[in-house]
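Undergrad: One structure is given below, represented as structure tokens, and several questions about it will come after.
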């Protein structure tokens with residue numbers, strides 16, 4: 001793995017309105033082709049953190065101090081034009097149950113082709129071929145049938161993998177994934193996790209995955225950060241965090257969840273997945 005930083009987060013504070021910060025003094029860095037897991041309970045600030053990276057914080061919220069450096073440039077200095085060029089192309093995001101964001105009255109193919117052509121100056125035919133190729137890379141069977149299907153005709157797992165395929169078609173340098181497997185059953189979770197790891201290898205993409213599932217993080221991540229009440233209470237390489245945690249909160253998480261989501265706490269898949 002090339003040890004080259006792609007993202008640096010420094011002394012970051014995020015607040016909603018005039019309330020106390022919901023993200024407090026977060027520091028972390030992500031290297032090229034690295035997979036980083038951000039683990040924590042609901043309300044710990046982990047989803048707010050990755051939304052800030054893509055400049056999509058909710059109305060009324062703001063970064064009150066600190067900075068986020070992507071490829072040697074502070075994203076807080078981006079213009080609207082910079083953001084339009086960045087989102088989807090260089091940094092992409094996958095939300096929890098992204099399949100629900102697919103337009104129900106349009107076929108998958110129409111949505112996929114439109115998405116591709118909004119980023120690339122290519123014909124509908126070339127966009128169609130590109131979509132078929134990416135669905136194949138996500139190991140979705142019968143890509144032509146999927147392209148001709150409406151979202152309601154696909155399972156939750158298939159819709160989530162279609163959404164990941166759409167995000168990865170632009171070959172972003174950084175993929176943000178906000179609880180991408182939490183709405184899926186254990187078997188499909190395992191498939192999606194493996195496919196995301198393959199995307200890292202195939203496209204040289206760095207990934208930040210937000211999850212409440214320590215088992216998923218320990219299986220797929222190079223580094224793990226643990227958030228609690230807006231603070232990054234643990235940060236380090238996977239083995240260090242799992243086997244020698246410094247934070248009492250991390251130790252409590254590990255002791256409470258010996259097996260989660262098809263993975264044991266050492267990050268190995270259970271036999272039934």
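The values are calculated or read from the model by the stated rules, or taken from the named source; none is laboratory data. None of these values were measured; they are calculated from a predicted model. Cβ atoms come from the backbone with ideal geometry, glycine included; neighbour counts cover every protein chain shown.
Undergrad: Does residue 173 fit the bill of being under 15 Å from the mean Cα position of the chain (by Cα) and either surrounded by fewer than 15 Cβ atoms within 10 Å (Cβ to Cβ) or under 30 Å from residue 237 (Cβ atoms) (or both)?
TA: Working: under 15 Å from the mean Cα position of the chain (by Cα): yes; either surrounded by fewer than 15 Cβ atoms within 10 Å (Cβ to Cβ) or under 30 Å from residue 237 (Cβ atoms) (or both): yes.
Yes, satisfied.
Undergrad: Which members of the range 232-249 meet the condition of being buried (at least 20 other Cβ atoms within 10 Å of the Cβ) and either closer than 12 Å to residue 217 by Cβ or out of contact with any strand residue (DSSP E or B) (no Cβ under 9 Å at 6 or more places or on another chain) (or both)?
TA: Answer for the range 232-249, where residues must be buried (at least 20 other Cβ atoms within 10 Å of the Cβ) and either closer than 12 Å to residue 217 by Cβ or out of contact with any strand residue (DSSP E or B) (no Cβ under 9 Å at 6 or more places or on another chain) (or both): 234, 238, 241.
Undergrad: Among the residues of the range 68-78, is there at least one that is exposed (fewer than 15 other Cβ atoms within 10 Å of the Cβ) and either in contact with a helix residue (DSSP H, G or I) (Cβ under 6 Å, 6 or more places away or on another chain) or over 30 Å from residue 31 (Cβ atoms) (or both)?
TA: no
Undergrad: Let me ask something additional. For the range 1-53, how many residues meet the condition of being exposed (fewer than 14 other Cβ atoms within 10 Å of the Cβ) and either more than 21 Å from residue 95 (Cβ to Cβ) or in contact with a strand residue (DSSP E or B) (Cβ under 6 Å, 6 or more places away or on another chain) (or both)?
TA: Summing the residues that are exposed (fewer than 14 other Cβ atoms within 10 Å of the Cβ) and either more than 21 Å from residue 95 (Cβ to Cβ) or in contact with a strand residue (DSSP E or B) (Cβ under 6 Å, 6 or more places away or on another chain) (or both) in the range 1-53 gives 10.
Undergrad: Further, regarding this structure: How many residues are assigned to a loop (DSSP other than H, G, I, E, B) and within 19 Å of residue 94 (Cα to Cα) when one looks only at the range 123-138?
TA: Of the range 123-138, the ones assigned to a loop (DSSP other than H, G, I, E, B) are 123, 138.
Pick out the ones that are also within 19 Å of residue 94 (Cα to Cα) and you get 138.
Counting residues in the range 123-138 that are assigned to a loop (DSSP other than H, G, I, E, B) and within 19 Å of residue 94 (Cα to Cα) gives 1.
Undergrad: Tell me which residues, restricted to the range 139-160, are outside any loop (DSSP other than H, G, I, E, B) and at pLDDT 85 or above. Even if it seems obvious, please write down each step before you answer.
TA: Keep residues of the range 139-160 that are outside any loop (DSSP other than H, G, I, E, B), which gives 143-147, 151-153, 156-160.
Scanning the range 139-160 gives 143, 144, 145, 146, 147, 151, 152, 153, 158, 159.
Undergrad: Mind checking which pairs have a first residue in the range 59-82 that is in contact (Cβ under 8 Å) with a residue 12 or more places away in the chain and a second that is in a strand (DSSP E or B) and exposed (fewer than 12 other Cβ atoms within 10 Å of the Cβ), Cβ under 8 Å, 6 or more apart or different chains?
TA: 65/11; 66/11; 67/11
Undergrad: Another question about this same structure. Does residue 117 satisfy the condition of being on the phi > 0 side of the Ramachandran plot and in contact with a helix residue (DSSP H, G or I) (Cβ under 8 Å, 6 or more places away or on another chain)?
TA: Values: on the phi > 0 side of the Ramachandran plot: no; in contact with a helix residue (DSSP H, G or I) (Cβ under 8 Å, 6 or more places away or on another chain): yes.
Here the answer is no, as residue 117 does not meet what is asked.
Undergrad: Quick one: in the range 182-219, which of the residues that are surrounded by fewer than 21 Cβ atoms within 10 Å (Cβ to Cβ), within 23 Å of residue 45 (Cα to Cα) and touching a strand residue (DSSP E or B) at 6+ places or on another chain (Cβ under 9 Å) is modelled with the lowest pLDDT?
TA: That would be 182.
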